[in-house]
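Accompanying notes for the structure given below.
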Amino acid sequence: MGTAMQIKDKVAIVTGAAGGIGAALAEALVDGGAHVVISDIDEARLAATAERIGAVAVAGDASSEDVIARMIATAQVSFGPVDLFFANAGIGDGLGMSATDEQWQQAIDINVLAHVRAARALVPQWVQRGSGYFVTTASAAGLLTQIGSATYSMTKHAAVGFAEWLAVTYGDDGIGVSCLCPMGVDTEMLRSGMTSGGGTGGKVAAAAVTGAGEVLTPREVADQVLASVAEGTFLITPHADVREFMRRKAADHDRWIHGMQRYQRHLMGEV
Ligand SMILES: NC(=O)c1ccc[n+]([C@@H]2O[C@H](COP(=O)([O-])OP(=O)(O)OC[C@H]3O[C@@H](n4cnc5c(N)ncnc54)[C@H](O)[C@@H]3O)[C@@H](O)[C@H]2O)c1
């Protein structure tokens with residue numbers, strides 16, 4: 001196991017925390033006795049969530065260096081130095097070959113570079129203090145793939161890759177890293193895919209997720225994340241099947257791709 005952290009009395013920042021998994025993480029942290037700063041681009045919903053759970057809100061884009069600096073400064077002034085950072089804000093879509101450079105860049109900024117920028121701001125001070133914890137919300141799509149979305153598949157793989165690199169590079173400095181890779185979680189992201197904001201790709205993406213296993217509640221996922229932080233476990237897979245799918249992929253990549261092609265054909269016939 002890596003470096004573990006007890007959350008009681010610790011200072012935590014959670015991004016993408018106006019609702020969904022982020023709000024559940026923030027609430028679970030507050031319940032566990034942590035001091036919490038939450039952030040989201042949706043200012044009104046963020047303020048309501050902060051009020052409900054008893055957290056301090058900093059509105060803004062999670063991928064902006066200025067906003068990240070504001071989150072850290074607010075946490076410092078309100079509670080003290082930041083102990084844990086939950087890089088959870090993310091965007092999903094149903095984009096394939098039609099995705100424009102702007103859409104690719106947006107997915108890369110929010111799903112990957114936001115993590116890099118937060119780590120760049122925090123890791124040096126954590127190394128000095130000999131303690132800190134970074135939690136990445138990636139996705140099972142970052143270990144396997146996301147049928148229906150090229151941008152999501154690629155950026156979530158990159159998020160996993162960055163989290164692995166952080167763990168390998170800074171584990172010896174007392175820094176813990178966990179990487180959350182769920183399949184379906186009952187949040188706005190999954191619901192909007194099903195109804196479909198993201199067009200056919202979004203519908204296929206949501207069907208691929210809900211068809212592959214159980215849809216968990218955000219709080220179930222948040223509780224598993226905090227249990228993993230308490231143990232210093234890197235990979236968090238609230239859906240046990242993900243481990244089995246990973247084993248099959250590693251054992252025979254071509255066979256796994258054929259299986260995914262078959263699953264996609266099946267889904268295309270359904271949506
Ligand atoms: N719901 C699922 O099935 C599922 C599965 C695997 C991974 N995830 C990941 O979980 C994370 C949380 O998503 P969720 O399911 O709770 O969905 P959600 O849509 O409820 O939450 C995402 C939040 O991120 C915020 N956000 C979007 N862009 C932002 C930006 N640029 N800056 C700051 N905030 C921004 C949104 O306003 C929203 O509140 C995401 O990274 C998502 O990819 C979700």
| task | Check A4, A12, A28 and return the single one that is open to solvent by 40 Å² or more (accessible area, probe 1.4 Å) and closer than 14 Å to V229 by Cβ. | result | A4
| What is the number of the single condition among (1) of a type in the set (S, T, N, Q); (2) over 19 Å from the mean Cα position of the chain (by Cα); (3) open to solvent by 60 Å² or more (accessible area, probe 1.4 Å) that T169 does not meet? | (3)
| query | Any residue at all in region 203-219 that is within 13 Å of the chain's Cα centre (by Cα) and either more than 12 Å from the ligand (Cβ to nearest atom) or not small (G, A, S) (or both)? | reply | yes
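For every residue, the table says whether it meets (1) surrounded by 13 or more Cβ atoms within 10 Å (Cβ to Cβ); (2) under 29 Å from G32 (Cα atoms).
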{"position": "G202", "(1), (2)": "yes, no"}
{"position": "V225", "(1), (2)": "yes, yes"}
{"position": "A240", "(1), (2)": "no, yes"}
{"position": "D254", "(1), (2)": "no, no"}
| task | Output the residues belonging to region 88-105 that are surrounded by 16 or more Cβ atoms within 10 Å (Cβ to Cβ) and β-branched (V, I, T). | result | I91
| In region 147-166, what residues are open to solvent by 20 Å² or more (accessible area, probe 1.4 Å) and either within 13 Å of the ligand (Cβ to nearest atom) or touching a residue at least 24 places away in the same chain (Cβ under 8 Å) (or both)? | G148, A150, Y152, M154, H157, A158, F162, E164
| Among G184, G213, G130, G176, which is the only one that is among the small types (G, A, S) and in contact (Cβ under 8 Å) with a residue 60 or more places away in the chain? | G176
| Matching residues in region 178-200 - criterion: being crowded, with 16+ Cβ neighbours inside 10 Å, at pLDDT 90 or above and near the ligand (Cβ under 10 Å from one of its atoms) | L180, C181, P182, M183, G184, V185, D186, T187, M189, L190
| request: Select, from A24, A34, A44, A18, the only residue that is within 13 Å of the ligand (Cβ to nearest atom) and touching a strand residue (DSSP E or B) at 6+ places or on another chain (Cβ under 7 Å). | output: A18
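The values are calculated or read from the model by the stated rules, or taken from the named source; none is laboratory data. Being a predicted model, the structure only gives us computed values, none of them experimental. Quick reminder, even Gly has a Cβ in these numbers, built from the backbone with ideal geometry, and neighbours come from all protein chains shown. Side chains are part of the model used for accessible areas, which takes the heavy atoms of the whole protein and leaves out ligands, DNA and RNA. Shrake-Rupley method; radii C 1.70, N 1.55, O 1.52, S 1.80 Å.
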